[in-house]
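**Student:** Before we start, here is the structure in question, set down as structure tokens.
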Amino acid sequence: MKLLEGILVVDFSQFLSGPSASLRLADFGARVIKIEKTGTGDICRQLYVSEIEVANESTLFHTINRNKESFSADLKDEKDKQQVKDLLKKADVVMHNFRPGVMERLGFSYEEILEINPKIIYAGISGYGEEGEWKDLPGQDLLLQSLSGLPYLNAESSKIPTPMGISVVDILAGTHLAQGILAALVKRDATGEGSLVQVSMLESALDFQFEVFTTFLNDGEELPERSEKNHAHSYVAAPYGVYETQDGYLALAMGSIPKLAELLDCPPLKKYDDPKNWFRLRDEIKKILAGHLKEKRTKYWLDILEPADIWCAKVLNIEELIDEEGYRVLDMEMTVFTSKGQEIKTTRCPVRVNGEILKSEKGAPFLGEHNDAIVREFGLMEQE
């Protein structure tokens, strides 16, 4: 039996944050029914991140909506709206990621849904929370990264603030929403009561930086300072960073500078023998290291450092990563299939349960693909 077998999730969300949460619930065995706008569906169906398509739709949509069902409805039409409400009477979880006020205007507020299903878990993601002057701003990943201060932690101090190259806030918010839903399901099992679970992308981005924020708040509110050289973390001393080698790049984590001086045969480093100075003088130290590490190939340095238990790693791109045995042994890839036979390669759920990898070959649904079956199964009012 799968962990969430028997749990029905009705998901109004679009794009990435909400669908990433319902994807994880689906991976755990929940049944997820997407409510999509008649005619267009989830806008992510046409949100292209490359020229690759699956059945004339975005690969991104098919990646993040695998293992779900699609029910198309015009929520401004009373008959369609009633069908969805009848479905919600049977649901365990309802979720959305609209701006504050949208679900209320559509007639699906927490209070309205609680009235027809008192045990339901009502979960929502917003961009900036339900209050304040930012609440109606667009909850888009790059904008949230920028407002949260995250780009100011990346790249060298002489360069512009640099955002992370993935939709990190979307995925974090989805992860947090899934966590909240799972906790609410546990509570419901114990008390029979539903819950209102709310996450904002901004709060998720701030929680992501708890280490930096805690230091800032307890350090006289001094802003973190990026290194001038080989930056990787604003609050970690040298040698922490990524360094160019003769044929690639080498990452060095925390370590003893005198030990590195000896292992790397780098005499200029020997004078930095006081650990108290490794943060204050980190740019000096990193400059010396950067010049020295360029002289040899990455493997040459790894063969010296790894046996000495120095925390280090080669820096790989995706193409290089998938050739590594350390990657292959994880069995992270899987192929899913649409109902029409199109296939897409993607990554699996990262969680193992009792040693078992959680995989499913069921691909993302086509718009409205499951309307007829859902209407029959749940006895919904037939559409005219």
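**Student:** Going by the structure shown, is TYR249 of a type in the set (Phe, Trp, Tyr), touching a Phe, Trp or Tyr at 6+ places or on another chain (Cβ under 8 Å) and surrounded by fewer than 19 Cβ atoms within 10 Å (Cβ to Cβ)?
**Tutor:** Yes, satisfied.
**Student:** Moving on. Here is a list of conditions, (1) under 22 Å from THR346 (Cα atoms); (2) out of contact with any Lys or Arg (no Cβ under 9 Å at 6 or more places or on another chain), and GLU320 meets all of them except one; can you say which number that is?
**Tutor:** Condition (2) is where GLU320 drops out.
**Student:** Considering every residue within the stretch 213-233, establish whether at least one is in a loop (DSSP other than H, G, I, E, B), among the hydrophobic types (A, V, I, L, M, F, W, C) and closer than 24 Å to PRO307 by Cα.
**Tutor:** Scanning the stretch 213-233, I find at least one residue that is in a loop (DSSP other than H, G, I, E, B), among the hydrophobic types (A, V, I, L, M, F, W, C) and closer than 24 Å to PRO307 by Cα, so the answer is yes.
**Student:** Within the stretch 56-107, work out how many residues are assigned to a strand (DSSP E or B) and either surrounded by fewer than 21 Cβ atoms within 10 Å (Cβ to Cβ) or modelled with pLDDT of 95 or more (or both).
**Tutor:** Counting residues in the stretch 56-107 that are assigned to a strand (DSSP E or B) and either surrounded by fewer than 21 Cβ atoms within 10 Å (Cβ to Cβ) or modelled with pLDDT of 95 or more (or both) gives 9.
**Student:** Of everything in the stretch 283-328, what is in contact (Cβ under 8 Å) with a residue 60 or more places away in the chain and of a type outside the set (A, V, I, L, M)? Give them in sequence order.
**Tutor:** The answer is CYS312, LYS314.
**Student:** Looking only at the stretch 45-55, filter to residues that are among the β-branched types (Val, Ile, Thr) and more than 18 Å from the chain's Cα centre (by Cα); which one of those is surrounded by the most Cβ atoms within 10 Å (Cβ to Cβ)?
**Tutor:** Filtering the stretch 45-55 for residues that are among the β-branched types (Val, Ile, Thr) and more than 18 Å from the chain's Cα centre (by Cα), the one surrounded by the most Cβ atoms within 10 Å (Cβ to Cβ) comes out as VAL54.
**Student:** Which pairs do you get when a residue that is assigned to a loop (DSSP other than H, G, I, E, B), found in the stretch 258-278, comes within reach of a residue that is acidic (Asp, Glu) and crowded, with 19+ Cβ neighbours inside 10 Å, reach meaning Cβ atoms under 8 angstrom, with the pair 6+ apart or on two chains?
**Tutor:** Between residues of the stretch 258-278 that are assigned to a loop (DSSP other than H, G, I, E, B) and residues that are acidic (Asp, Glu) and crowded, with 19+ Cβ neighbours inside 10 Å, there is no close pair.
The values are calculated or read from the model by the stated rules, or taken from the named source; none is laboratory data. None of these values were measured; they are calculated from a predicted model. Cβ sites come from the backbone with ideal geometry, for glycine too, and all protein chains shown count toward neighbours.
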